[in-house]
Each structure stands twice: as C-alpha cells, then as structure tokens.
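Written out below as structure tokens is the structure these notes cover.
The values are calculated or read from the model by the stated rules, or taken from the named source; none is laboratory data. Everything quoted here is computed from the prediction, not taken from an experiment. Neighbour counts run over all protein chains shown; Cβ positions are idealised from the backbone, glycine included.
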C-alpha cells in the first residue's frame, strides 16, 4: 500500500446485538485507531415471528446511526464503509429499514453474507494478532450468528456462519429471563446440532491456537477472570464453573458480576451456553481473546480497496479460473466496454471508479453461464453470481453484478432489474447497454482489433460512429446491430449507428 499521512477511515458494523464504529488514521502503511464507539442496540430482538423488524427496534437503531453520522461527518465518504450482518440478512423489511438507516447515517450501508462476515472477522483477528506460523481457530459469537474460521497468517482454510447468537438464542430458550439447567442444555444441544455438519471437517483441518473475537466472548473472559476461575483466556473448567453459578443465580436480572454491563445481562446466559456447545463439539480446553474483529477487518478491506489491493479483483480472477472462462475473449470485451465507458461517463453520470469496476468485472465474467449450457447462458450466469460465495462483495454488489451479466444479451430484463434499488437501477441499465454493445462487437471472437468506434450518449439515446465503409464490410455485425435496435427499443432506448 502507498504511504499516506493521517488519512482518516471509518468502519461501521451494524451487528445483531451491538452497533460498532471504529475510526482510524492510516499513516505510513499502519493503522492508528483514534476512536471507538459501541452501542447496545440489540436489533435482533426486534425481529418478530414473521422476520420483520419492529418500529421500536428500528427507531433505536436509527437514533444510534444519527450519532454515528455526526462522528463521521468530516471523513471523506470514500473512506467510510458500513455493513449490516445477520439480522439485516434475515429481516424481510430490511430494505425499508436500510433506506431510513442510510438517511440517518448519511452514508450507504451494505449487507454482507455470513461467509463474508467470517472472512472479515478473520482478517481483523489476523491483523491484531499476527502470527505466520500457527494455525488458528477463530470464534465470533454475535447477536444473531456465530462465525468459525480456521486460517494461518492471512490465509483462510475454512469459514462458516451458523444461525445461533446470544440474542436469538436468548429469545428462543431464555425468553422469560430464567436460567435453568434444562434451558442451558437445550441451547447447548442446539449449538451442537448447528455444528454437526462442520465438526468433523474442522477437527480434521486442526488448529494450534483458538481465539475468540466478540463482545460475548470478551464478556465471558472478563467474568471468569474476575472471579478467579482462570488467569488467561477462558478454560473449559472456568466455563463449567460459570454455568453452575448462572444456574444457581437462576435469573438474568439477578446477575451481579461487576464486570458485566446491565445491557449484556439479558443475553449473557445464552452466549455462555453457545460457547459451551462449541467447547463440547470441538473438544476445546481453552480459548484466548482477540482485540480485533469484524470492524478491524472491514477497515483493512476498505483501505485495500483505496490503495489498489482490492480482494474483489482476486475473487473475479478466481471465478474466471474456476469456470474456465475464455479470458482472451473476456479481455477483448472488457477493453471495448472500458472505451465506451470513458466516452459516455460524463453524459450518463457514471462514477469513474465504482461503476467502471463493476463494468470491468461484468465483462470479465459475462460468459460464466457457459459452464452450465450455451442456451440461456446469460440467465445461468445471473444465477451463479447471485448464489456463489464471492469474497469481498456485499449482497448489493453481488446482485448488481449478477444483473449486469444477466442483461448482456437477448431481451433486456427490465422486470428483473426491479430487484435492484431504484437509485442504482438506471446505472446498471446503462452499464448493461455498454456491455451488450461490447459483447456484440466481439461476437466473432476474432483476435483482429476493432477500428476506432466512437459512442455518443444522451439520456436514452445511443449513437455509434464507425469508420466509413466498415459496417458494409461486416454484414454480420450490421445485422446484429439491427437486432440490437429492437432489443433496446423495447427497453426504452434508441440505438443508431453509421
């Protein structure tokens, strides 16, 4: 990364239990944290049986985000990234909340998958506890999900996100606040069932050290050490003593551990039970606690994007290799699409960095669907991109990329583009047109270079200028362009050429 002086960055994690914000300066290739803010919002507790967020829970979250927004007001928007995790993945009215949340924060908010959350958690832990030699098992018990990752250095071998967290397990098994052995055992059994599908693989992969990376695990560590049950980290014996003590107390509100905040008490027993289930399933003796977690990983990822070390570029390269994409053809399409982008950027108001990146990625993997079948391969590509694990991509980015690939040929899918938020829909449509034209012009898959082609855009009009006589010498391309006129006309655009 290029050395910078006091360049401020902010990462915001909208977790299911707490909202976190970290602000740091990036100086001479190193991070210096200058501010941390944490608020217990417990968003997951606002999900009803229909998986919709209550108005009360949304108001609490919005008030928090307004305060966060004030703190980041002086930081360049390009240096800020905010993400939502499990609860916002689950909420059926998540888009409604997001529109209000982005207004409160005055910044866009991305929803990340459980796999992406796990990757970012590990990066945060790896940065805070750098160790090139030891293989590490990282555990993060959040409000709505638990992430487990095995890696060495910055390399990840296994990562999973399981639907069990301190808030949703509290609602499921400790809804009345009472702490009983039967409830602890039911939670442990649930955790063991969630872990069953990965238990054997993780044990086979193995690890040298275990690190916890969440508020839940930090709170447990603080309690067992304050009680004198262990000196470092959390041992299996200390955890067992904590469970016995909680059962003896019998009620969440009666917990009196000095190191435990009032906000943590209602979900403490469920978090302890989830951790006990992990200890039992993976035969753990001890775990230590990392200071780094999701927000630190998010910050590092953001800085990488700003300094040309974008994990998403590597992901696209890996996709090309995995699906055997014809990279020569992809590069030809990419070069032409880039040329059209630069010529139309001003008129069509593209973002010179983010929109260009999306178009480049779309060009590189537009033929991914051929790995399934040639017929309808644009639809197959949409499906593969939508449901693949693409490290570095948020759900919104992945959906936009999928729809860009979907519209690179045949009928323009206007109805399917309604799945994209309205603010981004016109941009994806316009990028889709540029990609379509680039694909069309390289349909012959020839290595012969195209002549200089100028494109003019104006609102819903596109005009292509070819060298005199070129189209007459390429009748197939002329016929394809004539067909494309019909496709674009049906989508509300007028294509002309000469």
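Condition check for residue 277 on (1) touching a helix residue (DSSP H, G or I) at 6+ places or on another chain (Cβ under 8 Å); (2) closer than 26 Å to residue 389 by Cβ; (3) surrounded by fewer than 20 Cβ atoms within 10 Å (Cβ to Cβ); (4) at pLDDT 95 or above: one failure, at (3).
When residues of segment 246-274 are filtered for being in contact (Cβ under 8 Å) with a residue 24 or more places away in the chain and crowded, with 19+ Cβ neighbours inside 10 Å, how many remain? Result for segment 246-274: 13. Residues that are surrounded by fewer than 16 Cβ atoms within 10 Å (Cβ to Cβ) and in contact with a strand residue (DSSP E or B) (Cβ under 9 Å, 6 or more places away or on another chain) within segment 129-152 comprise 131, 132, 133, 134, listed in sequence order.
Can you find a residue in segment 91-106 that is part of a loop (DSSP other than H, G, I, E, B), in contact (Cβ under 8 Å) with a residue 60 or more places away in the chain, in the same structural domain as residue 37 (by TED's automatic domain parsing) and within 25 Å of residue 300 (Cα to Cα)?
no
Among the residues of segment 153-177, count how many are under 19 Å from the mean Cα position of the chain (by Cα) and touching a residue at least 60 places away in the same chain (Cβ under 8 Å).
Summing the residues that are under 19 Å from the mean Cα position of the chain (by Cα) and touching a residue at least 60 places away in the same chain (Cβ under 8 Å) in segment 153-177 gives 4.
A quick yes/no check of all residues on (1) in contact (Cβ under 8 Å) with a residue 40 or more places away in the chain; (2) part of a strand (DSSP E or B); (3) within 26 Å of residue 141 (Cα to Cα); (4) over 19 Å from the mean Cα position of the chain (by Cα):
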residue: 10; (1), (2), (3), (4): yes, yes, yes, no
residue: 19; (1), (2), (3), (4): yes, yes, yes, no
residue: 23; (1), (2), (3), (4): yes, yes, yes, yes
residue: 51; (1), (2), (3), (4): yes, no, yes, yes
residue: 82; (1), (2), (3), (4): yes, yes, yes, no
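Put simply, of 364, 417, 390 the only residue that is within 28 Å of residue 481 (Cβ to Cβ) and in contact (Cβ under 8 Å) with a residue 40 or more places away in the chain is 364. On inspection, residue 243 fails the criterion of being at pLDDT 95 or above and within 33 Å of the chain's Cα centre (by Cα).
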